[in-house]
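Asker: I am attaching a structure below and will ask some questions about it afterwards.
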Number of protein chains: 2
Amino acid sequence: MTVFIDAMGGDNAPFEIIRGAVSAVRELGAKITLIGEEKLIGEELKKQGEQGIDIIPSTQTIDMHEDPVMAVRKKKDSSMVIGAGLVKGSFSDAFISAGSTGALLATALLYTGRIKGIQRPAICTMFHLDKPIAVLDNGANADCKPEYFVQFAKMGSAYISGVSDNPRPKVGLLNIGAEESKGSALYKEAHELLKNDDSIDFIGNVEASAVFSGIADVIVCDGFAGNIFLKASEGAFKLMMNMLKDSFYANPLTKLGALLVKKQIYAKKDMVDPKTYGGSPFLGVNGTVLKAHGNSDALAVKNAVKQAITITEGKVLEKITQFI
Amino acid sequence: MTVFIDAMGGDNAPFEIIRGAVSAVRELGAKITLIGEEKLIGEELKKQGEQGIDIIPSTQTIDMHEDPVMAVRKKKDSSMVIGAGLVKGSFSDAFISAGSTGALLATALLYTGRIKGIQRPAICTMFHLDKPIAVLDNGANADCKPEYFVQFAKMGSAYISGVSDNPRPKVGLLNIGAEESKGSALYKEAHELLKNDDSIDFIGNVEASAVFSGIADVIVCDGFAGNIFLKASEGAFKLMMNMLKDSFYANPLTKLGALLVKKQIYAKKDMVDPKTYGGSPFLGVNGTVLKAHGNSDALAVKNAVKQAITITEGKVLEKITQFI
């Protein structure tokens, strides 16, 4: 398999992306092709003494602030558009970009295409606590119909069964109460459809506060609620980390205490840091496309490559294609 | 003013509720009336040596697992129904319950009633970081119309201007992106209405990750998204606290370090603990009704009383009535 990487996407492009690719080759034995400004990438690879990475030249870059759909239609020689096209229909390759989520989604829809039968691809966010937990959709579809939830459930189940040794993942519906009667009209209808689908192991409604407990392996929701869930968690983690730092610097005794506990705490923190796990797969598109975090550094890129390999080896795309 | 307290609601009722009421009388000089089983409350007050608290006897209790609307219609002699009726139309009294949110909401709607002109009352959750931040609706209305958001914005503004020295609170719309074009169809329409209402200081969309930064004083959203926001934050805080505990107990050195930093960390943590601030006001009902956290202890009850006093002294109910 080849992992194609958009060298021009993300806050730290291209250098951290290139360095991440180099680590992935050296530490994971991955086969990588970088897409982007040929001269710039070539020089950096030379500096790093790395000869095992191919380059596909591109002349355009999609900016974070451009209108996604307009940009991807116009900039056909951008690293993102080229990458999304290269993995179309491939069960063996993958494409990673740390560029704009909206643009990558539009590119994936236009140039990678949807798996036949999929109504709406979804952004799947992964949490890795004691086990992987997939939450989808996380922002691809702000407005959903009840039947999308069933496809999200199937895609999430295919994903978890592909990347872990869990053949029948438990599926929960994100909701504002655990009881069956809870939620908006949309969620009540979605609940009904999920409950009646024997191809998935539906366990019912899951409150947002219970997601991290691991009660379900796959959490389905509309893209609006999923994005609120994800970013609320992010905000809360950030607030807690800032509070921790303030506590550590409070006085000489706390500074000493901090020295003793810091390493353990930061190791734990990595469990909820998206950088540790690389990226969010777009499920339902006809190829393996991964969105890496916008501020990905070399480590995050290497971890995204690792995740791309796991997805491909786990035959996630084939599983989804068969499941639908 | 009198603060009426449902002595029978919540996981720790009635004893922690009674103890909280006693502290509120002694430490805050509050005037409290407890509603519930007369004999039981009387004995506990006697044990505590407290003679300054009145009791209104009630013979029924609404259980956490009852259907809210059915229960409140049937159990007219429950502590909750009595309390909600007592504050109807009063600008000077308040009612606090730690019982079921759904039942309290149904009781408030039926027995306290709505302020004239209010389409849908909302549950307002407070965060107290450097300043108070109000997030509403948090679950009263799972399905919203765009115009509800404008009323939420006005009620939240009235609340913040009443309880703090901020005469013109900034209002943000919870959304999945900061740009004006972001969100579901409902949120795009709500954005348009909020933008065109000069009576509030609307600053635009606010992502869930930015709420705790204090970019806005009032965050408006539908009850579904608000509940996801709130509970996702709760889940993330809990996960972080568990991670912290695991880190502290990792080895003898971390245990020593923990001893040195723990006090500071727990003090900070209180800033995001709902118990520290007592309760969530129901805005839009025709009386001051506060939902205290289900597992409220005496401290939480005392703090809810403090909050009820602040709300009443800040003339929040009058402000909302005038604003609408």
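Asker: Would you please name the residue that is nearest to the other protein chains (Cβ to nearest Cβ), looking only at residues in region A:209-225 that are crowded, with 24+ Cβ neighbours inside 10 Å and closer than 11 Å to A:GLY172 by Cβ?
Answerer: Step by step, filter region A:209-225, then rank; the result is A:VAL211.
Asker: Looking at (1) closer than 23 Å to B:ASN303 by Cα; (2) at pLDDT 95 or above, which one does B:THR101 not meet, given that it meets all the others?
Answerer: Going through (1) closer than 23 Å to B:ASN303 by Cα; (2) at pLDDT 95 or above one by one, B:THR101 breaks only (2).
Asker: Answer yes or no: is there a residue in region B:118-138 that is at positive phi and not β-branched (Val, Ile, Thr).
Answerer: Looking through region B:118-138, none of the residues is at positive phi and not β-branched (Val, Ile, Thr).
Asker: Additional query: Please enumerate the residues belonging to region B:184-197 that are out of contact with any helix residue (DSSP H, G or I) (no Cβ under 7 Å at 6 or more places or on another chain) and not acidic (Asp, Glu).
Answerer: Of everything in region B:184-197, those that are out of contact with any helix residue (DSSP H, G or I) (no Cβ under 7 Å at 6 or more places or on another chain) and not acidic (Asp, Glu) turn out to be B:ALA185, B:TYR187, B:LYS188, B:HIS191, B:LYS195, B:ASN196.
Asker: A further question follows. Restricting to region B:123-135, name every residue that is closer than 17 Å to B:ASN227 by Cα and either away from every other protein chain (no Cβ under 14 Å) or in a loop (DSSP other than H, G, I, E, B) (or both).
Answerer: If the condition is that a residue be closer than 17 Å to B:ASN227 by Cα and either away from every other protein chain (no Cβ under 14 Å) or in a loop (DSSP other than H, G, I, E, B) (or both), then B:CYS124, B:MET126, B:ALA134 are the ones that fit.
Asker: Here is a further query. Within region B:136-165, take every residue that is among the aliphatic types (A, V, I, L, M) and within 11 Å of chain A (Cβ to nearest Cβ) and give me the one that is surrounded by the fewest Cβ atoms within 10 Å (Cβ to Cβ). Write out each step before concluding.
Answerer: Of the residues in region B:136-165, the ones among the aliphatic types (A, V, I, L, M) are B:136, B:140, B:142, B:150, B:153, B:155, B:158, B:160, B:163.
Then keep just the ones that are within 11 Å of chain A (Cβ to nearest Cβ); that gives B:140, B:142.
On the way: B:ALA140: 28, B:ALA142: 22.
Residue satisfying both the conditions and the ranking: B:ALA142.
Asker: Moving on. Among (1) part of a strand (DSSP E or B); (2) among the aliphatic types (A, V, I, L, M); (3) surrounded by fewer than 19 Cβ atoms within 10 Å (Cβ to Cβ), which single condition is A:LEU290 missing?
Answerer: So A:LEU290 meets the others, but not (3).
Yes/no per residue for (1) more than 18 Å from the chain's Cα centre (by Cα); (2) closer than 19 Å to B:VAL289 by Cα:
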{"site": "B:GLY10", "(1), (2)": "no, yes"}
{"site": "B:ILE17", "(1), (2)": "no, yes"}
{"site": "B:SER23", "(1), (2)": "yes, no"}
{"site": "B:ALA30", "(1), (2)": "yes, yes"}
{"site": "B:THR33", "(1), (2)": "yes, yes"}
{"site": "B:SER78", "(1), (2)": "yes, yes"}
{"site": "B:ALA84", "(1), (2)": "no, yes"}
{"site": "B:ASP93", "(1), (2)": "no, yes"}
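Asker: Further question: Looking only at region B:247-258, which residues are more than 7 Å from chain A (Cβ to nearest Cβ) and in a helix (DSSP H, G or I)?
Answerer: If the condition is that a residue be more than 7 Å from chain A (Cβ to nearest Cβ) and in a helix (DSSP H, G or I), then B:PRO252, B:LYS255 are the ones that fit.
Asker: Go through (1) farther than 20 Å from A:ARG120 by Cβ; (2) of a type in the set (Ser, Thr, Tyr); (3) over 24 Å from the mean Cα position of the chain (by Cα) and name the single condition A:SER184 misses.
Answerer: The number of the failed condition is (1).
Asker: Only residues that are touching a strand residue (DSSP E or B) at 6+ places or on another chain (Cβ under 8 Å) and either acidic (Asp, Glu) or closer than 20 Å to B:ASP165 by Cβ (or both): list them for region B:304-324, please. Before you say what the answer is, go through the steps one by one.
Answerer: We begin by selecting, within region B:304-324, every residue touching a strand residue (DSSP E or B) at 6+ places or on another chain (Cβ under 8 Å); these are B:304-305, B:307-309, B:311-312, B:316-317, B:320.
Of everything in region B:304-324, those that are touching a strand residue (DSSP E or B) at 6+ places or on another chain (Cβ under 8 Å) and either acidic (Asp, Glu) or closer than 20 Å to B:ASP165 by Cβ (or both) turn out to be B:GLN307, B:ALA308, B:ILE309, B:ILE311, B:THR312, B:VAL316, B:LEU317, B:ILE320.
Asker: Still on this structure, please answer the following. Considering only strands (runs of 3 or more DSSP E) fully contained in region A:151-246, which possess at least 3 residues that are out of contact with any Pro (no Cβ under 6 Å at 6 or more places or on another chain) and in contact (Cβ under 8 Å) with a residue 40 or more places away in the chain?
Answerer: A:170-175
Asker: I'm told A:GLU189 meets every condition in (1) surrounded by fewer than 19 Cβ atoms within 10 Å (Cβ to Cβ); (2) at the interface with another protein chain (Cβ under 7 Å from one of its Cβ atoms); (3) under 14 Å from B:PHE224 (Cβ atoms); (4) of a type in the set (D, E, K, R) except one. Can you identify the failing condition by its number?
Answerer: With respect to (1) surrounded by fewer than 19 Cβ atoms within 10 Å (Cβ to Cβ); (2) at the interface with another protein chain (Cβ under 7 Å from one of its Cβ atoms); (3) under 14 Å from B:PHE224 (Cβ atoms); (4) of a type in the set (D, E, K, R), A:GLU189 is out only on (2).
Asker: Just wondering, is there one or more residues in region A:276-296 that are touching a residue at least 24 places away in the same chain (Cβ under 8 Å), out of contact with any Pro (no Cβ under 9 Å at 6 or more places or on another chain), at the interface with chain B (Cβ under 7 Å from one of its Cβ atoms) and under 29 Å from A:ALA106 (Cα atoms)?
Answerer: No.
The values are calculated or read from the model by the stated rules, or taken from the named source; none is laboratory data. Quick caveat, the model's predicted, so the values are computed rather than measured. We place every Cβ from the backbone using ideal geometry, glycine too, and count neighbours over all the protein chains shown.
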